[in-house]
Structures are given as C-alpha cells and as structure tokens.
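Before any comments, here is the structure.
Read-outs throughout are calculated quantities, based only on the coordinates presented, and are distinct from any laboratory measurement. In this text the structure is predicted, and so the values were computed from the model without any measurement.
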Amino acid sequence: MTRQNVNWVQALGLGATVFALSALVITDSLQWTSPAYASGAERRDRRDDRQDDRRDARDTRKEGREAAREAKQECKKADDKSNRECRQEKRDAKDDARDAARDIKRD
C-alpha cells in the first residue's frame, strides 16, 4: 500500500469510529432522559385512577338510566304528552348521561 492509500483508510476508520461513538452517546442519553417503563407504583396508581374513572362513569350512566325511567313514568302519568314525546324525553336524558360518562372517562 502506498502512503496515499493508508491515509484514506485511516480517515475512513476514524470517521466510522466517530460515527459509532456519537450514535452510542446519543442513544445512551435518550435512555436516561425518558424512562422506558414506569415504576410499579406509578403503574398501580394509573391503573387505580382508570378504575375509579370507569366506576364513576358507570355510576353516572346508571343514575341517568334511573332518572330517565322515572321521568318517563311521570310523563305517562301526567297524560299531557304523547307516548312518543315521553320516549324522546327518556332518550334525551339517557343520552345526556352517556355524554357525562364519556367526559368523566376522558379526564
């Protein structure tokens, strides 16, 4: 090999080494800045929060169904509206309860 070829090979090796080391430093620093997994306590807390949210949403839907059922019974007893209007009121009440339950789960 001539001197010119040796300098080219050394430069290529140096460039590859610098690239490999910089990639190693970058990936290592990313690993430290963002943990891959939350700790057990954090996971447990988040799971408990989701369970509480689901429970609250379920209770809200249940209360909405019960309120809608009572509203329809009162509407039918009052005799001032048609059965169709009473059904629509019940649907609207249940729909409002579902919307409220969705808002609880999103928060």
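Tell me which residues come under 5 Å, amide H to amide H, from Lys81 once H is placed; ignore anything under 5 positions away on its chain.
For Lys81, no residues qualify.
Take every Cα pair under 8 Å in the stretch 39-107 that's 6+ residues apart, average their separations, divide by the length, and report that relative contact order as a whole percent.
Reported relative contact order: 45 percent.
Would you list, by chain and number, the lysines whose Cα falls below 25 Å from the Cα of Lys105, excluding same-chain residues fewer than 8 positions away?
Those lysines meeting the cut-off are Lys62, Lys90, Lys94.
Full-extension gain between Asp92 and Trp8, please, as 0.36 nm times their residue separation minus the C-alpha to C-alpha distance.
22.4 nm
In a GNM of the chain with a 10 Å cut-off on Cα contacts, which of Ala11, Ala67, Ala57 has the highest mean-square fluctuation?
Ala11
Calculate the radius of gyration of the Cα atoms of the chain to one decimal place, then report Dmax, the largest Cα-Cα distance, as a whole number, both in Å.
Final numbers for Rg and Dmax: 32.8, 107 Å.
Test of understanding: what is the full-extension gain from Thr17 to Lys62, defined as 0.36 nm times their sequence separation minus their Cα-Cα distance?
9.7 nm
Name the aspartates and glutamates eligible as straight-distance cross-link partners of Lys81: C-alpha to C-alpha under 12 Å, and not fewer than 8 places from it in the same chain.
Glu89
Want the number for Lys77 to Ala41: 0.36 nm per residue separation, take away the alpha-carbon distance, what's left?
Here the segment from Lys77 to Ala41 would lengthen by 7.6 nm.
Which ³J(HN,Hα) values in Hz, rounded to whole numbers, follow from the phi angles of the stretch 82-90 under the Karplus curve 6.51 cos²θ - 1.76 cosθ + 1.60, where θ = phi - 60° and Gly and Pro get x?
6, 4, 4, 5, 5, 4, 5, 4, 5
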